[in-house]
1. Consider residue 5 carefully, then state whether it is within 18 Å of the chain's Cα centre (by Cα) and either surrounded by 18 or more Cβ atoms within 10 Å (Cβ to Cβ) or within 30 Å of residue 240 (Cβ to Cβ) (or both).
2. In the list 64, 40, 28, 60, which residue meets the criterion of being free of Cβ contacts under 8 Å to residues at least 12 places away in the same chain and at negative phi?
3. May I ask you to say which residue of 75, 28, 12, 71 is more than 21 Å from residue 181 (Cα to Cα), buried (at least 23 other Cβ atoms within 10 Å of the Cβ) and out of contact with any strand residue (DSSP E or B) (no Cβ under 9 Å at 6 or more places or on another chain)?
4. Please work out which one of (1) under 29 Å from residue 163 (Cα atoms); (2) in contact (Cβ under 8 Å) with a residue 60 or more places away in the chain; (3) out of contact with any helix residue (DSSP H, G or I) (no Cβ under 6 Å at 6 or more places or on another chain) is the condition residue 83 fails and give its number.
5. Quickly run through segment 183-209 and pick out the residues that are assigned to a helix (DSSP H, G or I), farther than 17 Å from residue 51 by Cβ and in contact (Cβ under 8 Å) with a residue 60 or more places away in the chain.
């Protein structure tokens, strides 16, 4: 896994300079700083780690804008709520894939293809009963449907909220977005002070690298990929950023 992460960082460095690339470079920089600050300043360690996740989320949104995806103009890459909602949405997608594939025998994964002509990150799935992998090209250019209809993630949102003990997805992501303020500003209870374990920074690094892998499945491809487009719609609908009456993309 560490080798795959190192290869992903190498792939990031090979992408032509752009805003989205620099957002991910910034995210990795903040993670390095957070690790150093852990023993020196816990509050700034938390701030740096949270900023790293937000920068990665910004990088994903910016890549969709740079790619000209439909509805990407509604993505607010500077808005803390929009940034804080990205990783929870990724969790919903993972839950949905897990549910839909649990009895199929199909396994999904990522691999770096490195040969004379190509060095890229690709998604793949195994074919049950055979020692074979199938690589979509582009890697996310497929439809994800349940019972013949584009997935809405309503069930996953409900299950996710039950898991985190919250009743409303908008309130939940707003509360996440407000954590950074709690480590910066005083309140009626006094000056900010936090106690965290090193696993906090490690958790943020895991999220950043997961978002980087998604970025590398999107950014290098000029073609707009169907699953990416459907995900934009579902994400914005989750945040009530677009009307429920808008037709499902794809």
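1. On the way: within 18 Å of the chain's Cα centre (by Cα): yes; either surrounded by 18 or more Cβ atoms within 10 Å (Cβ to Cβ) or within 30 Å of residue 240 (Cβ to Cβ) (or both): no.
Taking the combined requirement at face value, the residue does not satisfy it.
2. After ruling out the rest, the residue left standing is 40.
3. Numbers: 28 fails: buried (at least 23 other Cβ atoms within 10 Å of the Cβ); 12 fails: buried (at least 23 other Cβ atoms within 10 Å of the Cβ); 71 fails: buried (at least 23 other Cβ atoms within 10 Å of the Cβ).
Within the list 75, 28, 12, 71, the selection yields 75.
4. Condition not satisfied by residue 83: (3).
5. Listed by number, the list holds a single entry, 198.
Quick note: the coordinates plus some simple rules give every number you see, no bench work behind them. What you see is a predicted model, and the numbers here were worked out from it, not measured in a lab. Note that each Cβ is placed from the backbone with ideal geometry, even for glycine, and that neighbours are counted across all protein chains shown.
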